[in-house]
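The values are calculated or read from the model by the stated rules, or taken from the named source; none is laboratory data. Remember, it's a predicted structure, so these values are computed and weren't measured experimentally. Every residue, glycine among them, receives a Cβ derived from its backbone with ideal geometry; neighbour counts consider all protein chains shown. Keep in mind that these areas ignore ligands, DNA and RNA; they rest on the heavy atoms of the full protein, side chains included. Shrake-Rupley method; radii C 1.70, N 1.55, O 1.52, S 1.80 Å.
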Amino acid sequence: MFAFFLFITIACSAVSLHSGAQQQPITTTTEQPAPLLLSSHAKQYSKVKMVMLHIGQNAAVSNIAKMIHFDLEFSDQIAIDLKKTTAIPTAPQAAALGKQAYTLMLTLEEKSLNKKNKAADIEINLKDPATNQSFFCKNYTCHEHNIIQQGHQIADDLMPTLTGDTGPMLSTLAYCKQLSNNHKVVCIADYACRLEKPVVTARTINIAPAWHTKAPGLCYSQFTRTNSRLMFVDLTTNKHNIVCSYDGLNMQPSFSEDGSQAALCLSGKGNSEIYLYDQAFCKTLGKKTFKQLTDNKGNNVSPCLLDAGDLVFCSDFQTGSPQIYLKKTLTGDVIRLTSGKGYCASPNYNPATKQLVYTRYATGAFQLWSMDLSSEHRHEKQLTFNAGDKLEPSWSACGKYVAFTYAKYDGKLKKRMSQIAILNTQSSNIRILTTTPELKSFPSWTGRNLYA
């Protein structure tokens with residue numbers, strides 16, 4: 001019997017659910033920014049080769065170049081050699097680079113330096129080295145104190161030209177960090193987890209952050225002596241307000257696209273059920289009220305509000321083991337999406353691609369699985385196959401990446417560790433983004449830039 005399986009998985013276990021010069025010969029020195037890249041059943045395909053040239057000696061610009069290098073390679077579509085050089089290549093020199101199998105050449109040229117303001121003007125130029133034709137050229141003013149965000153901005157500007165699509169560079173991740181057995185904080189960071197900022201620091205257990213779809217803030221569950229109350233923090237004012245504080249669990253809100261509705265978990269009756277808050281309906285009544293959406297005497301958790309008001313959730317009511325279900329709003333029909341075997345949990349829905357991602361036990365570990373809800377057949381597709389548990393997945397806005405808690409045994413530390421990682425669903429590569437020894441969990445992703 002999986003009584004309170006999500007309470008155990010989400011709330012208690014830190015490991016389970018508990019970052020114009022004169023012409024002269026080019027002299028280069030190769031730099032090696034090295035993100036931690038793990039191959040997970042990777043597909044075989046050829047990346048576009050690019051040479052990236054930093055013209056100048058400014059240390060801040062050099063660090064911005066490293067950030068751009070990380071961001072552009074994050075798509076797994078481009079392989080970049082980052083080098084320093086003393087001058088912009090001439091057309092013959094660029095053509096020579098093209099003959100070295102470089103399809104693209106990206107230059108970062110230092111134009112001027114304001115030592116008083118610690119600012120550098122740079123020109124970014126993307127070219128075809130074979131023809132010296134420019135595809136992208138833009139000037140930026142870069143500051144020492146804002147290197148990571150400026151690198152993300154430049155990479156975000158380049159991505160549509162390079163890949164025909166946007167990237168996740170300006171998005172924001174929220175996640176939990178365990179400081180002690182009785183103290184978990186909520187942090188937000190850029191998608192690469194290089195700029196981490198604690199936003200919920202109350203000396204208790206704060207878990208399960210969930211972004212509001214419109215307001216510049218997020219909800220989280222905060223443990224008190226008697227319950228776990230649902231809170232909201234406004235990131236523009238840093239004010240924290242109680243959303244609801246009923247007996248038992250108050251957690252995991254999923255908001256409609258316009259932010260006027262939210263499905264959430266309440267367990268005041270003993271088991272956890274899904275309820276709906278409708279702003280317009282409550283305004284008509286003149287008071288806050290919640291409509292019960294599930295009533296099956298099982299534990300019902302992880303609600304996902306879909307486009308048309310349908311609901312995806314996780315429950316153990318039918319098989320005794322948690323499975324993923326779909327409830328149709330118009331008919332009230334409840335459809336089991338997963339097979340009924342094994343342990344399936346933590347569904348997360350991407351409205352742009354109509355894809356569901358969740359965790360399911362397979363091949364000795366919890367792996368990530370996906371399902372296309374726009375398809376009539378709704379087949380389960382396994383996304384990861386390697387060692388270590390992948391928990392609490394969260395889609396990027398574009399639907400190409402999945403952030404998750406990566407938990408596995410660390411042989412050097414001789415204990416089980418959990419960090420925040422991201423899966424590229426197109427290449428199947430996994431990048432572990434956090435590295436500090438505190439246990440991390442509950443990643444939640446928004447496409448908005450709210451970390452700055």
Open item on the list: Within the stretch 399-446, considering only strands (runs of 3 or more DSSP E) that don't extend past its boundaries, which have at least 3 residues that are under 25 Å from residue 185 (Cβ atoms) and either in contact with a His (Cβ under 6 Å, 6 or more places away or on another chain) or acidic (Asp, Glu) (or both)?
Closed with: none
Open item on the list: The conditions are (1) more than 27 Å from residue 184 (Cβ to Cβ); (2) modelled with pLDDT of 95 or more; (3) part of a loop (DSSP other than H, G, I, E, B), and residue 370 fails exactly one of them. Which is it?
Closed with: (3)
- [ ] Mind listing just one residue for me: the one in the stretch 363-382 that is closer than 18 Å to residue 421 by Cβ and touching a strand residue (DSSP E or B) at 6+ places or on another chain (Cβ under 8 Å) and, of those, surrounded by the fewest Cβ atoms within 10 Å (Cβ to Cβ)?
- [x] 382
- [ ] Return the total of residues in the stretch 312-329 being within 21 Å of the chain's Cα centre (by Cα) and either open to solvent by 40 Å² or more (accessible area, probe 1.4 Å) or of a type in the set (Val, Ile, Thr) (or both).
- [x] 1
Open item on the list: Can you tell me which of (1) modelled with pLDDT of 95 or more; (2) in contact with a Phe, Trp or Tyr (Cβ under 8 Å, 6 or more places away or on another chain); (3) open to solvent by 40 Å² or more (accessible area, probe 1.4 Å) is the one residue 216 doesn't meet?
Closed with: (2)
TODO: Evaluate the stretch 203-211: report whether one residue or more is in a loop (DSSP other than H, G, I, E, B) and open to solvent by 50 Å² or more (accessible area, probe 1.4 Å).
DONE: yes
Task: Subset tally (residues that are open to solvent by 10 Å² or more (accessible area, probe 1.4 Å) and either at pLDDT 95 or above or not in a loop (DSSP other than H, G, I, E, B) (or both)) for the stretch 81-101 - done: 11
- [ ] Name, by its number, the condition in (1) over 20 Å from residue 418 (Cβ atoms); (2) out of contact with any Leu (no Cβ under 8 Å at 6 or more places or on another chain) that does not hold for residue 184.
- [x] (1)
TODO: Determine if the stretch 163-174 includes at least one residue that is in contact with a Cys (Cβ under 6 Å, 6 or more places away or on another chain), surrounded by 14 or more Cβ atoms within 10 Å (Cβ to Cβ) and under 23 Å from residue 396 (Cβ atoms).
DONE: no
Task: Which listed residue, of 70, 2, is open to solvent by 70 Å² or more (accessible area, probe 1.4 Å), aromatic (Phe, Trp, Tyr) and either modelled with pLDDT under 90 or out of contact with any Lys or Arg (no Cβ under 8 Å at 6 or more places or on another chain) (or both) - done: 2
Task: Unmet requirement for residue 309, which otherwise passes all of (1) farther than 30 Å from residue 385 by Cα; (2) surrounded by 17 or more Cβ atoms within 10 Å (Cβ to Cβ); (3) of a type outside the set (Val, Ile, Thr) - done: (2)
Open item on the list: Residues to consider are 107, 141; find the one that is among the hydroxyl-bearing types (Ser, Thr, Tyr), assigned to a strand (DSSP E or B) and modelled with pLDDT of 95 or more.
Closed with: 107
Task: Close pairs from the stretch 333-357: first of a type in the set (Lys, Arg), partner assigned to a strand (DSSP E or B), Cβ under 6 Å, at least 6 apart - done: 336/323; 336/325
Open item on the list: Taking the criterion of being outside any loop (DSSP other than H, G, I, E, B), under 23 Å from residue 172 (Cβ atoms) and at pLDDT 95 or above, would at least one residue in the stretch 381-391 satisfy it?
Closed with: yes
Open item on the list: Restricting to the stretch 356-395, give me the number of residues that are among the small types (Gly, Ala, Ser) and farther than 13 Å from residue 407 by Cβ.
Closed with: 6
Task: Residue that is modelled with the highest pLDDT, among those in the stretch 403-432 that are open to solvent by 20 Å² or more (accessible area, probe 1.4 Å) and of a type in the set (A, V, I, L, M) - done: 432
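Any residue in the stretch 285-295 that is hydroxyl-bearing (Ser, Thr, Tyr), in a loop (DSSP other than H, G, I, E, B), at pLDDT below 95 and open to solvent by 10 Å² or more (accessible area, probe 1.4 Å)?
Pass one, the stretch 285-295, residues hydroxyl-bearing (Ser, Thr, Tyr): 289, 294.
Next, from what is left, pick out any that are in a loop (DSSP other than H, G, I, E, B): 289, 294.
Narrowing further to those that are at pLDDT below 95: 289.
Filter once more, keeping what is open to solvent by 10 Å² or more (accessible area, probe 1.4 Å): 289.
Looking through the stretch 285-295, at least one residue is hydroxyl-bearing (Ser, Thr, Tyr), in a loop (DSSP other than H, G, I, E, B), at pLDDT below 95 and open to solvent by 10 Å² or more (accessible area, probe 1.4 Å).
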- [ ] Count, please, the residues in the stretch 252-279 that happen to be out of contact with any Lys or Arg (no Cβ under 8 Å at 6 or more places or on another chain), closer than 22 Å to residue 216 by Cβ and open to solvent by 70 Å² or more (accessible area, probe 1.4 Å).
- [x] 2
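Looking only at residues that are open to solvent by 40 Å² or more (accessible area, probe 1.4 Å) and part of a loop (DSSP other than H, G, I, E, B) in the stretch 175-196, which one is farthest from residue 222 (Cα to Cα)?
My answer is 194.
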